[in-house]
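In what follows, a single structure is set out as structure tokens and then discussed.
Every number in this text was worked out from the coordinates using simple rules, so none of it is lab data. Owing to the predicted nature of the structure, the values given are computational and were not obtained by experimental measurement. All Cβ positions, glycine included, derive from the backbone under ideal geometry; neighbour counts span all protein chains shown.
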Amino acid sequence: MSERIATVKKTKEIQDTYQVFTKKTYGQNFIVVPNVVERIANAAIHDENEMVIEIGPGIGALTQCLCERSNHVIAFEIDERLPEILEKEIGLDHLTVVLKDFLKVDVNEEIRKYRKAGQKVVVASNLPYYITTPILFALFEAKEPIERITVMMQREVAQRFLARQNDKEYNALSVITQYRCDVSKVMDISRNVFWPKPNVDSMVIQFNFHHRYHVEDENAFFEMVKGCFTQRRKTIYNNLQAYLGDKDKARKLIERANLEPSLRGQQCTLEDFLTMYENGKDLL
Ligand code: SAM
């Protein structure tokens with residue numbers, strides 16, 4: 001095992017050697033505790049033949065561990081100063097560093113380009129927090145199959161993905177995510193494991209795609225769910241009335257799903273929303 005990059009000593013050494021200092025605008029907070037990167041990599045990769053997509057390798061703290069567990073790692077980094085460092089510090093044949101803004105890549109195209117026959121694709125990242133949700137949605141929308149996504153994010157955002165009916169964090173994002181994935185917590189992470197130290201604590205969570213539900217028009221379904229949560233304190237009847245611009249349609253949509261019009265979005269399960277959509281598609 002080579003010297004860990006995820007230590008304070010090594011991180012400072014790399015910064016001094018290459019004269020690169022962290023850029024706040026890119027959400028650069030590097031992990032400096034080896035045990036943390038090891039646990040993320042262990043959760044992310046189940047088989048050495050899985051192709052790993054890493055978003056934001058930074059100076060390679062997590063990348064190094066991913067490369068020890070998989071024989072094919074593709075890391076997308078926006079900061080042009082970093083590929084050279086990754087090349088010199090890790091420089092393995094089975095690591096490809098792609099200098100691109102992940103939000104601008106076509107995820108399907110990149111997967112088709114790099115995946116070898118028979119390989120499963122997994123994603124691992126200590127996400128840049130300022131773009132957590134758009135990155136995840138780009139991955140959720142991908143048509144090419146992804147097996148699982150293991151990512152670190154701000155704890156409060158993670159709690160929204162994990163939230164269940166009646167939890168205070170439960171919202172449209174929770175429902176839409178659970179439509180596609182089983183979401184589970186991997187571990188809590190203290191702000192003290194980063195350099196520089198951010199103002200918030202984090203959590204690593206995992207998304208496993210389950211392929212259990214297939215609605216005809218996903219956009220219509222997602223918009224309806226968002227419509228039910230437009231104003232948290234309002235009932236689904238009031239929210240749907242505003243969303244559909246029609247009282248009668250709102251009433252029918254709820255009646256056909258055998259739900260009470262006095263419910264709030266927060267009290268409805270994913271199955272309730274699916275029934276509402278399936279029995280009322282013609283009203284949307
Ligand atoms: N993986 C490293 C670690 O755990 O120490 C660094 C994680 S740091 C929180 C986020 C990384 O994402 C930074 O290296 C940053 O430059 C990169 N990044 C930010 N925005 C990005 C984008 N749009 N596309 C790709 N990488 C991005």
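Note on the chain: with a GNM built from Cα contacts shorter than 10 Å, the maximum mean-square fluctuation among Leu240, Leu136, Leu103 falls on Leu103. Amide H contacts under 5 Å for Val123: Ile53, Arg148, Ile149, Thr150, restricted to partners 5 or more places along the chain or on a different chain, H placed in the peptide plane at 1.01 Å from N. The calculated 222 nm mean residue ellipticity attributable to helices in the chain amounts to -11500 deg cm²/dmol, summing -39500 (n - 2.57) over DSSP H runs of n ≥ 4 and dividing by all residues.
Size of segment 98-192: Rg and Dmax of its alpha carbons, in Å, are 14.3, 44. In terms of overall dimensions, the C-alpha atoms belonging to segment 171-211 reach 38, 19, 12 Å along their principal axes, ordered largest to smallest. Comparing Phe21, Phe194, Phe207, which has the greatest mean-square fluctuation in the GNM of the chain with Cα pairs linked when under 10 Å apart? Top of the fluctuation ranking is Phe21.
The charge dipole of segment 13-163, taken about its Cα centre with unit charges on the Cβ of Lys, Arg, Asp and Glu (plus for the first two, minus for the last two), comes to roughly 460 debye.
Our note on the geometry: Cα centres of segment 183-201 and segment 81-155, 20 Å apart. Once the Cβ-Cβ distance of Asn42 and Asn108 is raised to the sixth power relative to R0 = 41 Å, the FRET efficiency obtained is 0.90. The residue among Ala163, Ile40, Leu274 whose Cα reaches farthest toward the positive pole of the charge dipole of the chain, with charges on the beta-carbon of Lys, Arg, Asp and Glu, is Ala163. The C-alpha radius of gyration of segment 26-128, expressed as a fraction of 2.2 N^0.38 Å, stands at 0.98.
Each label was represented as a point 7 Å from its Cα along the Cα-to-Cβ direction; for Lys100 and Asn35 these points are 3.8 nm apart. The loop-placed trypsin sites (Lys or Arg not before Pro) in segment 1-78, going by DSSP, that have at most 13 neighbouring Cβ atoms within 10 Å of their Cβ come out as Lys23.
Rounded to the nearest 0.05, the FRET efficiency derived from the C-beta distance between Lys281 and Asn199 at R0 = 35 Å is 0.20. In summary, segment 67-118 shows an alpha-carbon radius of gyration equal to 1.18 times the 2.2 N^0.38 Å reference for compact globular proteins. Counted residue by residue at 0.36 nm each, then reduced by the alpha carbon distance between them, the extension gain from Lys12 to Asp246 reaches 78.2 nm. Distances between placed amide hydrogens fall under 5 Å for Arg4 paired with no residue 5 or more residues away or on another chain. Relative to the current alpha-carbon distance between Met187 and Leu263, full extension at 0.36 nm per residue lengthens the span by 24.1 nm. Considering only alpha-carbon pairs that sit under 8 angstrom and 6 or more positions apart, the relative contact order computed for the chain is 14 percent. In degrees between 0 and 90, to the nearest 10, how far off the longest principal axis of the chain does helix 34-44 point, with axes built from Cα atoms? So the helix axis and the longest Cα principal axis differ by about 50 degrees. Derived scalar couplings between HN and Hα for segment 250-258 equal 4, 4, 4, 4, 6, 4, 5, 9, 6 Hz in order, rounded to whole Hz, by the Karplus curve 6.51 cos²θ - 1.76 cosθ + 1.60 (θ = phi - 60°), x for Gly and Pro. By the Cα gyration tensor, the chain has an equivalent ellipsoid whose semi-axes, rounded to whole angstrom, run 40, 20, 15 from largest to smallest.
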